[in-house]
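Engineer: Please read through the structure below; I'll follow up with questions.
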Amino acid sequence: MYRLIAILLIGTLFAQETKKELSVDEKMFAKIYQAALEEGQCYENLRALCKDVGPRLSGSPQAEKAVMWSKEVLEKLGMKVTLQEVMVPHWVRGAKEKAHVVAHGAIKKRTLNICALGGSVGTGEGGLRAEIVEVHQFSDLEKLGKEKISGKIVFFNRPMKATNINAFVSYSQAVGQRTRGAVEASKYGAVGVLVRSMNLRLDDYPHTGTMRYQDGVKKIPAAAVSTNDAEFLSNLLREHKVVKMNYEMHCKTLPDAKSYNVIGEVKGSEFPKEIIAVGGHLDSWDIGEGAHDDGAGCVQAIEVMHLFNVLKIKPKRTLRVVMFMNEENGLRGAREYARVAKEKGEVHVAAVESDSGGFTPRGFSIDTAWPRMEKVLKWQPLFAKYNVYAFFPGRSAADVGVLKDGRATLVGFKPDSQRYFDYHHAASDVFEAVNKRELELGSATITALMYLFDRYGME
(Lines give C-alpha, C1' and ligand atoms only; values in the text may rest on other atoms or scores of the structure.)
Protein backbone atom coordinates (compact mmCIF):
# COMPACT_ATOMS: atom_id res chain seq x y z
CA MET A 1 0.00 0.00 0.00
CA TYR A 2 2.80 2.43 0.95
CA ARG A 3 4.70 1.63 -2.26
CA LEU A 4 1.57 2.35 -4.33
CA ILE A 5 1.18 5.74 -2.61
CA ALA A 6 4.85 6.48 -3.27
CA ILE A 7 4.42 5.64 -6.95
CA LEU A 8 1.47 8.03 -7.26
CA LEU A 9 3.33 10.83 -5.45
CA ILE A 10 6.43 10.40 -7.57
CA GLY A 11 4.35 10.56 -10.75
CA THR A 12 2.81 13.86 -9.59
CA LEU A 13 6.13 15.44 -8.52
CA PHE A 14 7.89 14.61 -11.72
CA ALA A 15 5.02 15.90 -13.89
CA GLN A 16 6.16 19.53 -13.34
CA GLU A 17 9.87 18.73 -13.43
CA THR A 18 9.68 17.14 -16.87
CA LYS A 19 7.27 19.56 -18.54
CA LYS A 20 9.73 20.78 -21.19
CA GLU A 21 10.88 17.29 -22.09
CA LEU A 22 7.27 16.14 -22.24
CA SER A 23 6.52 18.64 -25.00
CA VAL A 24 9.17 17.03 -27.26
CA ASP A 25 8.19 13.51 -26.33
CA GLU A 26 4.46 14.24 -26.59
CA LYS A 27 4.96 15.17 -30.22
CA MET A 28 6.88 11.97 -30.89
CA PHE A 29 4.23 9.91 -29.12
CA ALA A 30 1.55 11.44 -31.35
CA LYS A 31 3.60 10.55 -34.43
CA ILE A 32 4.15 6.98 -33.20
CA TYR A 33 0.46 6.34 -32.56
CA GLN A 34 -0.54 7.97 -35.85
CA ALA A 35 1.98 5.93 -37.84
CA ALA A 36 0.91 2.70 -36.11
CA LEU A 37 -2.75 3.30 -36.94
CA GLU A 38 -2.24 4.62 -40.49
CA GLU A 39 0.93 2.91 -41.74
CA GLY A 40 1.21 -0.16 -39.51
CA GLN A 41 2.24 -3.57 -40.81
CA CYS A 42 1.66 -5.66 -37.70
CA TYR A 43 -1.82 -6.91 -38.61
CA GLU A 44 -0.79 -8.13 -42.06
CA ASN A 45 2.37 -9.63 -40.59
CA LEU A 46 0.18 -11.52 -38.12
CA ARG A 47 -2.03 -12.73 -40.96
CA ALA A 48 1.05 -14.12 -42.73
CA LEU A 49 2.43 -15.74 -39.58
CA CYS A 50 -0.90 -17.39 -38.71
CA LYS A 51 -2.14 -18.34 -42.18
CA ASP A 52 1.02 -18.92 -44.22
CA VAL A 53 3.07 -20.48 -41.42
CA GLY A 54 0.42 -21.71 -38.98
CA PRO A 55 0.90 -23.40 -35.59
CA ARG A 56 4.56 -23.43 -34.55
CA LEU A 57 5.28 -26.02 -31.88
CA SER A 58 8.99 -26.31 -31.06
CA GLY A 59 10.74 -28.86 -33.24
CA SER A 60 8.02 -28.87 -35.90
CA PRO A 61 8.47 -28.02 -39.60
CA GLN A 62 6.15 -25.02 -39.06
CA ALA A 63 8.44 -23.68 -36.32
CA GLU A 64 11.35 -23.79 -38.74
CA LYS A 65 9.22 -22.09 -41.40
CA ALA A 66 8.48 -19.36 -38.84
CA VAL A 67 12.22 -18.89 -38.26
CA MET A 68 12.82 -18.25 -41.95
CA TRP A 69 9.72 -16.06 -42.21
CA SER A 70 10.81 -13.78 -39.36
CA LYS A 71 14.39 -13.65 -40.67
CA GLU A 72 13.13 -12.40 -44.02
CA VAL A 73 10.79 -9.82 -42.45
CA LEU A 74 13.53 -8.39 -40.21
CA GLU A 75 16.03 -8.24 -43.05
CA LYS A 76 13.54 -6.28 -45.17
CA LEU A 77 13.42 -3.74 -42.32
CA GLY A 78 17.18 -3.26 -42.62
CA MET A 79 18.24 -5.26 -39.59
CA LYS A 80 21.27 -7.50 -39.41
CA VAL A 81 19.80 -10.91 -38.59
CA THR A 82 21.46 -13.72 -36.64
CA LEU A 83 20.02 -17.21 -36.24
CA GLN A 84 21.07 -18.40 -32.79
CA GLU A 85 21.06 -22.19 -32.63
CA VAL A 86 19.26 -23.91 -29.77
CA MET A 87 18.20 -27.51 -29.19
CA VAL A 88 14.52 -27.74 -28.29
CA PRO A 89 12.10 -30.44 -27.07
CA HIS A 90 10.21 -32.21 -29.86
CA TRP A 91 6.82 -33.44 -28.68
CA VAL A 92 4.20 -34.48 -31.24
CA ARG A 93 0.45 -34.83 -30.70
CA GLY A 94 -0.24 -37.51 -33.28
CA ALA A 95 -3.78 -38.38 -34.38
CA LYS A 96 -6.65 -36.37 -32.89
CA GLU A 97 -7.61 -37.43 -29.39
CA LYS A 98 -10.86 -39.28 -28.69
CA ALA A 99 -12.81 -39.53 -25.46
CA HIS A 100 -16.20 -40.61 -24.18
CA VAL A 101 -17.84 -41.34 -20.85
CA VAL A 102 -20.67 -43.58 -19.77
CA ALA A 103 -22.45 -43.73 -16.42
CA HIS A 104 -23.05 -47.10 -14.74
CA GLY A 105 -26.22 -48.65 -16.12
CA ALA A 106 -26.49 -46.16 -19.00
CA ILE A 107 -26.59 -47.30 -22.61
CA LYS A 108 -25.52 -44.14 -24.47
CA LYS A 109 -21.96 -42.85 -24.48
CA ARG A 110 -21.21 -39.11 -24.29
CA THR A 111 -18.28 -37.75 -26.30
CA LEU A 112 -15.95 -35.31 -24.53
CA ASN A 113 -13.85 -32.54 -26.06
CA ILE A 114 -10.31 -33.21 -24.91
CA CYS A 115 -6.74 -32.62 -26.01
CA ALA A 116 -3.45 -34.02 -24.74
CA LEU A 117 -1.39 -31.78 -22.50
CA GLY A 118 1.98 -30.87 -23.93
CA GLY A 119 4.61 -33.41 -22.96
CA SER A 120 2.14 -36.13 -22.04
CA VAL A 121 2.68 -39.77 -22.87
CA GLY A 122 0.07 -41.47 -25.02
CA THR A 123 -2.47 -44.05 -23.97
CA GLY A 124 -1.45 -46.67 -26.52
CA GLU A 125 -3.64 -48.21 -29.20
CA GLY A 126 -7.22 -48.78 -28.10
CA GLY A 127 -6.96 -46.10 -25.43
CA LEU A 128 -7.40 -46.24 -21.68
CA ARG A 129 -10.65 -47.13 -19.90
CA ALA A 130 -11.19 -46.58 -16.19
CA GLU A 131 -13.51 -45.16 -13.57
CA ILE A 132 -13.30 -41.41 -12.88
CA VAL A 133 -12.82 -39.75 -9.51
CA GLU A 134 -13.22 -35.97 -9.17
CA VAL A 135 -10.97 -33.75 -7.04
CA HIS A 136 -10.44 -30.00 -6.70
CA GLN A 137 -7.24 -29.69 -4.69
CA PHE A 138 -4.12 -31.80 -4.31
CA SER A 139 -5.12 -32.22 -0.68
CA ASP A 140 -8.21 -34.11 -1.91
CA LEU A 141 -5.88 -36.84 -3.17
CA GLU A 142 -4.51 -37.36 0.32
CA LYS A 143 -8.02 -37.44 1.81
CA LEU A 144 -9.20 -40.06 -0.68
CA GLY A 145 -6.03 -42.13 -0.35
CA LYS A 146 -4.61 -44.81 -2.57
CA GLU A 147 -7.50 -47.17 -1.96
CA LYS A 148 -10.01 -44.86 -3.72
CA ILE A 149 -7.65 -43.57 -6.44
CA SER A 150 -5.58 -46.55 -7.55
CA GLY A 151 -6.53 -47.78 -11.02
CA LYS A 152 -8.75 -44.72 -11.73
CA ILE A 153 -8.61 -41.57 -13.82
CA VAL A 154 -8.35 -38.46 -11.65
CA PHE A 155 -10.44 -35.54 -12.86
CA PHE A 156 -9.04 -32.20 -11.61
CA ASN A 157 -11.94 -29.75 -11.68
CA ARG A 158 -10.86 -26.54 -9.99
CA PRO A 159 -12.16 -23.57 -12.03
CA MET A 160 -10.23 -20.37 -12.53
CA LYS A 161 -11.49 -17.92 -9.92
CA ALA A 162 -13.92 -15.46 -11.50
CA THR A 163 -13.60 -12.74 -8.86
CA ASN A 164 -9.99 -11.78 -9.59
CA ILE A 165 -9.96 -8.67 -11.78
CA ASN A 166 -6.58 -9.65 -13.22
CA ALA A 167 -7.25 -12.89 -15.10
CA PHE A 168 -3.57 -13.86 -14.85
CA VAL A 169 -3.96 -14.13 -11.08
CA SER A 170 -6.79 -16.62 -11.60
CA TYR A 171 -4.62 -18.56 -14.03
CA SER A 172 -1.69 -18.74 -11.63
CA GLN A 173 -3.98 -20.03 -8.87
CA ALA A 174 -5.41 -22.83 -11.02
CA VAL A 175 -2.65 -23.90 -13.40
CA GLY A 176 -0.82 -26.11 -10.91
CA GLN A 177 -3.38 -28.88 -11.48
CA ARG A 178 -2.35 -28.89 -15.15
CA THR A 179 1.42 -28.76 -14.66
CA ARG A 180 1.66 -31.12 -11.65
CA GLY A 181 -1.59 -33.07 -11.71
CA ALA A 182 -0.23 -36.19 -13.42
CA VAL A 183 2.65 -36.52 -10.97
CA GLU A 184 0.51 -36.04 -7.86
CA ALA A 185 -2.24 -38.41 -9.04
CA SER A 186 0.26 -41.05 -10.11
CA LYS A 187 1.70 -41.16 -6.58
CA TYR A 188 -1.68 -42.56 -5.47
CA GLY A 189 -1.89 -45.15 -8.25
CA ALA A 190 -4.01 -43.23 -10.79
CA VAL A 191 -3.76 -44.49 -14.37
CA GLY A 192 -4.56 -41.16 -16.04
CA VAL A 193 -5.60 -37.56 -15.42
CA LEU A 194 -8.16 -35.23 -16.93
CA VAL A 195 -7.80 -31.50 -16.16
CA ARG A 196 -10.39 -28.75 -16.49
CA SER A 197 -9.17 -26.27 -19.13
CA MET A 198 -7.62 -23.01 -17.94
CA ASN A 199 -10.47 -20.84 -19.23
CA LEU A 200 -12.85 -18.42 -17.51
CA ARG A 201 -15.46 -18.87 -20.22
CA LEU A 202 -17.77 -21.87 -20.61
CA ASP A 203 -17.22 -23.29 -24.10
CA ASP A 204 -16.33 -26.46 -25.98
CA TYR A 205 -12.63 -25.78 -26.57
CA PRO A 206 -10.08 -27.84 -24.63
CA HIS A 207 -6.97 -25.80 -23.78
CA THR A 208 -3.60 -27.51 -23.93
CA GLY A 209 -0.42 -26.39 -22.14
CA THR A 210 2.72 -27.82 -20.68
CA MET A 211 2.79 -30.47 -17.96
CA ARG A 212 5.68 -32.14 -16.18
CA TYR A 213 6.71 -35.58 -15.02
CA GLN A 214 9.00 -36.40 -12.13
CA ASP A 215 11.80 -38.93 -11.98
CA GLY A 216 10.77 -41.98 -10.01
CA VAL A 217 7.03 -41.37 -10.51
CA LYS A 218 5.21 -43.42 -13.15
CA LYS A 219 4.22 -41.39 -16.22
CA ILE A 220 0.48 -41.44 -16.88
CA PRO A 221 -1.49 -39.84 -19.77
CA ALA A 222 -2.73 -36.30 -19.13
CA ALA A 223 -5.46 -34.47 -21.05
CA ALA A 224 -7.41 -31.22 -20.80
CA VAL A 225 -11.20 -31.18 -21.12
CA SER A 226 -13.33 -28.22 -22.22
CA THR A 227 -15.06 -26.21 -19.50
CA ASN A 228 -18.52 -27.17 -20.77
CA ASP A 229 -17.61 -30.85 -20.60
CA ALA A 230 -16.00 -30.38 -17.19
CA GLU A 231 -19.33 -29.04 -15.93
CA PHE A 232 -21.20 -31.92 -17.56
CA LEU A 233 -18.84 -34.51 -16.11
CA SER A 234 -19.04 -33.05 -12.61
CA ASN A 235 -22.86 -33.13 -12.73
CA LEU A 236 -22.79 -36.70 -14.06
CA LEU A 237 -20.56 -37.78 -11.17
CA ARG A 238 -23.01 -36.27 -8.69
CA GLU A 239 -25.90 -38.22 -10.22
CA HIS A 240 -24.12 -41.57 -10.62
CA LYS A 241 -21.79 -43.37 -8.27
CA VAL A 242 -19.78 -44.92 -11.10
CA VAL A 243 -18.76 -43.12 -14.30
CA LYS A 244 -16.22 -44.65 -16.65
CA MET A 245 -14.17 -42.89 -19.26
CA ASN A 246 -12.33 -44.11 -22.32
CA TYR A 247 -9.77 -41.87 -23.97
CA GLU A 248 -7.18 -42.40 -26.65
CA MET A 249 -4.10 -40.26 -27.30
CA HIS A 250 -1.18 -40.95 -29.63
CA CYS A 251 1.25 -38.27 -28.46
CA LYS A 252 4.94 -38.94 -27.87
CA THR A 253 8.27 -37.22 -27.28
CA LEU A 254 10.94 -37.47 -29.97
CA PRO A 255 14.66 -36.64 -29.63
CA ASP A 256 15.49 -32.94 -29.24
CA ALA A 257 15.51 -30.95 -32.48
CA LYS A 258 17.69 -28.12 -33.72
CA SER A 259 15.99 -24.73 -33.91
CA TYR A 260 16.85 -21.05 -33.62
CA ASN A 261 16.23 -17.76 -31.92
CA VAL A 262 15.94 -15.04 -34.55
CA ILE A 263 17.79 -11.85 -33.57
CA GLY A 264 17.51 -8.67 -35.61
CA GLU A 265 19.90 -5.86 -34.71
CA VAL A 266 20.65 -2.24 -35.56
CA LYS A 267 23.79 -0.82 -33.95
CA GLY A 268 23.37 2.28 -31.85
CA SER A 269 24.83 5.49 -33.23
CA GLU A 270 26.01 6.83 -29.84
CA PHE A 271 25.95 3.99 -27.32
CA PRO A 272 26.41 0.78 -29.34
CA LYS A 273 27.35 -1.27 -26.26
CA GLU A 274 24.02 -0.51 -24.57
CA ILE A 275 21.35 -2.93 -25.83
CA ILE A 276 17.62 -2.31 -25.74
CA ALA A 277 15.72 -5.43 -26.76
CA VAL A 278 12.09 -6.13 -27.59
CA GLY A 279 10.62 -9.52 -28.40
CA GLY A 280 8.02 -12.24 -28.29
CA HIS A 281 8.14 -16.01 -28.53
CA LEU A 282 7.93 -17.49 -32.00
CA ASP A 283 6.74 -20.95 -30.98
CA SER A 284 3.12 -21.74 -30.20
CA TRP A 285 0.98 -24.70 -29.32
CA ASP A 286 -0.16 -26.87 -32.20
CA ILE A 287 -3.97 -26.86 -32.00
CA GLY A 288 -4.56 -23.21 -32.97
CA GLU A 289 -2.60 -20.63 -34.96
CA GLY A 290 -0.86 -19.02 -31.99
CA ALA A 291 -2.35 -15.62 -32.84
CA HIS A 292 -2.61 -14.10 -29.35
CA ASP A 293 0.00 -16.46 -27.89
CA ASP A 294 2.35 -15.24 -29.11
CA GLY A 295 2.04 -14.21 -32.73
CA ALA A 296 0.76 -10.84 -31.53
CA GLY A 297 3.86 -10.30 -29.41
CA CYS A 298 6.18 -11.24 -32.26
CA VAL A 299 4.62 -8.86 -34.79
CA GLN A 300 4.42 -6.07 -32.20
CA ALA A 301 8.16 -6.43 -31.57
CA ILE A 302 8.83 -6.37 -35.32
CA GLU A 303 6.59 -3.30 -35.61
CA VAL A 304 8.95 -1.34 -33.35
CA MET A 305 11.60 -1.44 -36.09
CA HIS A 306 9.03 -0.64 -38.78
CA LEU A 307 7.77 2.42 -36.91
CA PHE A 308 11.31 3.60 -36.17
CA ASN A 309 11.95 3.42 -39.92
CA VAL A 310 8.72 5.23 -40.82
CA LEU A 311 9.51 8.05 -38.38
CA LYS A 312 13.23 8.06 -39.24
CA ILE A 313 14.24 7.40 -35.65
CA LYS A 314 17.92 6.40 -35.68
CA PRO A 315 18.59 4.37 -32.53
CA LYS A 316 21.26 5.85 -30.26
CA ARG A 317 21.49 2.53 -28.45
CA THR A 318 21.70 -0.88 -30.11
CA LEU A 319 18.17 -2.02 -30.88
CA ARG A 320 17.40 -5.73 -30.96
CA VAL A 321 14.22 -7.47 -32.03
CA VAL A 322 14.26 -11.04 -30.70
CA MET A 323 12.01 -13.92 -31.68
CA PHE A 324 12.53 -16.43 -28.87
CA MET A 325 12.05 -20.13 -29.58
CA ASN A 326 10.54 -22.65 -27.15
CA GLU A 327 8.84 -20.53 -24.51
CA GLU A 328 5.82 -22.83 -24.35
CA ASN A 329 7.48 -26.07 -23.33
CA GLY A 330 11.01 -25.40 -22.19
CA LEU A 331 12.19 -21.76 -22.31
CA ARG A 332 15.37 -23.02 -23.95
CA GLY A 333 15.57 -20.19 -26.46
CA ALA A 334 15.53 -17.54 -23.73
CA ARG A 335 18.11 -19.42 -21.67
CA GLU A 336 20.44 -19.75 -24.64
CA TYR A 337 20.04 -16.06 -25.49
CA ALA A 338 20.88 -15.10 -21.90
CA ARG A 339 23.82 -17.53 -21.77
CA VAL A 340 25.40 -16.12 -24.92
CA ALA A 341 24.78 -12.53 -23.78
CA LYS A 342 26.55 -13.22 -20.48
CA GLU A 343 29.40 -15.04 -22.22
CA LYS A 344 29.95 -12.03 -24.51
CA GLY A 345 29.65 -9.54 -21.67
CA GLU A 346 26.72 -7.80 -23.34
CA VAL A 347 24.89 -5.09 -21.42
CA HIS A 348 21.10 -5.05 -21.73
CA VAL A 349 19.85 -1.67 -20.60
CA ALA A 350 16.24 -2.74 -21.08
CA ALA A 351 14.30 -5.69 -22.48
CA VAL A 352 10.58 -5.62 -23.26
CA GLU A 353 8.38 -8.61 -24.06
CA SER A 354 4.80 -8.83 -25.30
CA ASP A 355 3.30 -12.18 -24.32
CA SER A 356 -0.18 -11.45 -23.00
CA GLY A 357 -2.19 -11.21 -26.20
CA GLY A 358 -3.05 -8.55 -28.74
CA PHE A 359 -5.68 -6.75 -26.68
CA THR A 360 -6.13 -3.10 -25.68
CA PRO A 361 -2.95 -1.79 -24.03
CA ARG A 362 -3.16 -1.05 -20.31
CA GLY A 363 0.47 -0.64 -19.23
CA PHE A 364 3.64 -2.41 -18.19
CA SER A 365 4.92 -4.61 -15.39
CA ILE A 366 8.47 -3.56 -14.58
CA ASP A 367 11.20 -5.57 -12.89
CA THR A 368 14.07 -3.28 -11.95
CA ALA A 369 15.81 -1.57 -9.05
CA TRP A 370 13.82 1.21 -7.41
CA PRO A 371 15.94 4.16 -8.70
CA ARG A 372 15.33 2.95 -12.28
CA MET A 373 11.67 2.39 -11.50
CA GLU A 374 11.45 6.04 -10.49
CA LYS A 375 12.83 7.03 -13.87
CA VAL A 376 10.25 4.94 -15.74
CA LEU A 377 7.46 6.42 -13.62
CA LYS A 378 8.43 9.90 -14.86
CA TRP A 379 7.27 8.77 -18.30
CA GLN A 380 3.82 7.60 -17.23
CA PRO A 381 2.08 10.95 -17.91
CA LEU A 382 3.05 10.62 -21.57
CA PHE A 383 1.02 7.43 -21.87
CA ALA A 384 -2.06 8.64 -19.98
CA LYS A 385 -3.43 10.43 -23.06
CA TYR A 386 -3.61 7.02 -24.72
CA ASN A 387 -5.44 5.41 -21.80
CA VAL A 388 -2.33 3.53 -20.71
CA TYR A 389 -2.07 3.97 -16.94
CA ALA A 390 -0.76 0.81 -15.32
CA PHE A 391 2.94 1.14 -14.51
CA PHE A 392 3.77 -1.12 -11.62
CA PRO A 393 6.68 -3.10 -10.17
CA GLY A 394 6.43 -6.83 -10.76
CA ARG A 395 7.40 -9.82 -12.87
CA SER A 396 8.19 -8.94 -16.49
CA ALA A 397 7.70 -11.91 -18.86
CA ALA A 398 9.08 -15.43 -19.21
CA ASP A 399 11.72 -14.92 -21.91
CA VAL A 400 13.17 -11.54 -20.94
CA GLY A 401 12.91 -12.54 -17.29
CA VAL A 402 15.84 -14.89 -17.83
CA LEU A 403 18.04 -11.81 -18.42
CA LYS A 404 17.64 -10.65 -14.82
CA ASP A 405 21.07 -9.61 -13.56
CA GLY A 406 20.43 -6.60 -11.34
CA ARG A 407 21.30 -4.15 -14.12
CA ALA A 408 18.70 -4.63 -16.86
CA THR A 409 15.24 -3.10 -16.66
CA LEU A 410 12.90 -5.93 -17.66
CA VAL A 411 9.39 -5.13 -18.83
CA GLY A 412 6.26 -7.12 -19.59
CA PHE A 413 3.66 -5.43 -21.81
CA LYS A 414 0.23 -5.65 -20.15
CA PRO A 415 -2.86 -5.43 -22.34
CA ASP A 416 -6.35 -5.95 -20.97
CA SER A 417 -6.50 -9.50 -19.57
CA GLN A 418 -10.24 -10.25 -19.56
CA ARG A 419 -10.47 -12.22 -22.82
CA TYR A 420 -6.98 -13.68 -23.04
CA PHE A 421 -7.82 -17.05 -21.52
CA ASP A 422 -10.77 -17.49 -23.88
CA TYR A 423 -8.11 -18.24 -26.52
CA HIS A 424 -4.97 -19.21 -24.61
CA HIS A 425 -3.60 -22.58 -25.85
CA ALA A 426 -6.86 -23.42 -27.65
CA ALA A 427 -7.96 -24.07 -31.23
CA SER A 428 -9.79 -20.73 -31.04
CA ASP A 429 -6.48 -18.82 -30.92
CA VAL A 430 -6.57 -17.86 -34.60
CA PHE A 431 -5.90 -14.70 -36.61
CA GLU A 432 -9.60 -13.82 -36.73
CA ALA A 433 -9.65 -13.57 -32.91
CA VAL A 434 -7.30 -10.55 -32.97
CA ASN A 435 -8.69 -7.04 -33.36
CA LYS A 436 -6.64 -4.94 -35.79
CA ARG A 437 -6.96 -1.66 -33.88
CA GLU A 438 -6.13 -3.21 -30.51
CA LEU A 439 -3.05 -4.88 -31.99
CA GLU A 440 -1.90 -1.59 -33.54
CA LEU A 441 -2.44 0.37 -30.33
CA GLY A 442 -0.36 -2.20 -28.47
CA SER A 443 2.41 -1.88 -31.06
CA ALA A 444 2.39 1.90 -30.68
CA THR A 445 2.54 1.66 -26.89
CA ILE A 446 5.52 -0.69 -26.97
CA THR A 447 7.28 1.43 -29.59
CA ALA A 448 6.75 4.55 -27.49
CA LEU A 449 8.43 2.89 -24.51
CA MET A 450 11.32 1.69 -26.68
CA TYR A 451 11.74 5.23 -27.99
CA LEU A 452 12.10 6.48 -24.40
CA PHE A 453 14.58 3.77 -23.47
CA ASP A 454 16.59 4.68 -26.54
CA ARG A 455 16.50 8.43 -25.97
CA TYR A 456 17.19 8.50 -22.25
CA GLY A 457 18.83 5.20 -21.35
CA MET A 458 18.45 4.00 -17.77
CA GLU A 459 21.37 5.54 -15.90
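The values are calculated or read from the model by the stated rules, or taken from the named source; none is laboratory data. The model shown is predicted, which means the values in this text are computed figures rather than measured ones. A quick note on method: Cβ atoms are made from the backbone with ideal geometry, for glycine too, and the neighbour counts reach across all protein chains shown.
Engineer: Please specify each residue of the stretch 267-279 satisfying the condition of being over 20 Å from Glu85 (Cα atoms) and surrounded by 15 or more Cβ atoms within 10 Å (Cβ to Cβ).
Structural biologist: Gly268, Phe271, Glu274, Ile275, Ile276
Engineer: Another one. Ala341 - would you say it is surrounded by fewer than 21 Cβ atoms within 10 Å (Cβ to Cβ), modelled with pLDDT of 95 or more and assigned to a loop (DSSP other than H, G, I, E, B)?
Structural biologist: In short, no.
Engineer: Shifting gears a bit: For the stretch 391-409: of the residues being closer than 8 Å to Ser365 by Cα and not hydroxyl-bearing (Ser, Thr, Tyr), which is surrounded by the most Cβ atoms within 10 Å (Cβ to Cβ)?
Structural biologist: Phe391
Engineer: Further question on the same structure: Please tell me if Lys241 is modelled with pLDDT under 95 and either buried (at least 24 other Cβ atoms within 10 Å of the Cβ) or of a type outside the set (A, V, I, L, M, F, W, C) (or both).
Structural biologist: Taking the combined requirement at face value, the residue satisfies it.
Engineer: Is it fair to say Ala369 is in contact (Cβ under 8 Å) with a residue 12 or more places away in the chain and small (Gly, Ala, Ser)?
Structural biologist: So Ala369 fits the description; yes.
Engineer: I would also like to ask the following. In this structure, does Val376 turn out to be within 23 Å of Leu319 (Cβ to Cβ), buried (at least 23 other Cβ atoms within 10 Å of the Cβ) and not charged (D, E, K, R)?
Structural biologist: Considered against the rule, which asks whether it is within 23 Å of Leu319 (Cβ to Cβ), buried (at least 23 other Cβ atoms within 10 Å of the Cβ) and not charged (D, E, K, R), Val376 comes out as no.
Engineer: Next question, about the same structure. When the stretch 376-431 is examined, which residues are found to be assigned to a helix (DSSP H, G or I) and among the acidic types (Asp, Glu)?
Structural biologist: Once the filter is applied, which keeps residues that are assigned to a helix (DSSP H, G or I) and among the acidic types (Asp, Glu), the stretch 376-431 yields Asp399, Asp422.
Engineer: Here are the criteria: (1) surrounded by 24 or more Cβ atoms within 10 Å (Cβ to Cβ); (2) over 21 Å from the mean Cα position of the chain (by Cα); (3) farther than 16 Å from Gly176 by Cβ. Tell me which single one Pro206 does not satisfy.
Structural biologist: The single condition Pro206 does not satisfy is (2).
Engineer: With Lys161, Lys148 as the choices, which residue is charged (D, E, K, R), free of Cβ contacts under 8 Å to residues at least 40 places away in the same chain and in a loop (DSSP other than H, G, I, E, B)?
Structural biologist: Result of the check over Lys161, Lys148: Lys161.
Engineer: Select from the stretch 209-228 the residues that are over 12 Å from Val193 (Cβ atoms) and among the hydroxyl-bearing types (Ser, Thr, Tyr) and write down the one among them that is surrounded by the fewest Cβ atoms within 10 Å (Cβ to Cβ).
Structural biologist: So, considering only residues that are over 12 Å from Val193 (Cβ atoms) and among the hydroxyl-bearing types (Ser, Thr, Tyr), the one surrounded by the fewest Cβ atoms within 10 Å (Cβ to Cβ) is Thr210.
Engineer: Pick from the stretch 43-96 the residues that are farther than 20 Å from Ser354 by Cα and among the hydroxyl-bearing types (Ser, Thr, Tyr): which of them is surrounded by the fewest Cβ atoms within 10 Å (Cβ to Cβ)?
Structural biologist: Going through the qualifying residues, I end up with Thr82.
Engineer: A follow-up question, please. Just a yes or no: is a residue in the stretch 352-359 in contact (Cβ under 8 Å) with a residue 40 or more places away in the chain, of a type in the set (Ser, Thr, Tyr) and either crowded, with 19+ Cβ neighbours inside 10 Å or assigned to a strand (DSSP E or B) (or both)?
Structural biologist: So far as the stretch 352-359 goes, yes, one or more of its residues are in contact (Cβ under 8 Å) with a residue 40 or more places away in the chain, of a type in the set (Ser, Thr, Tyr) and either crowded, with 19+ Cβ neighbours inside 10 Å or assigned to a strand (DSSP E or B) (or both).
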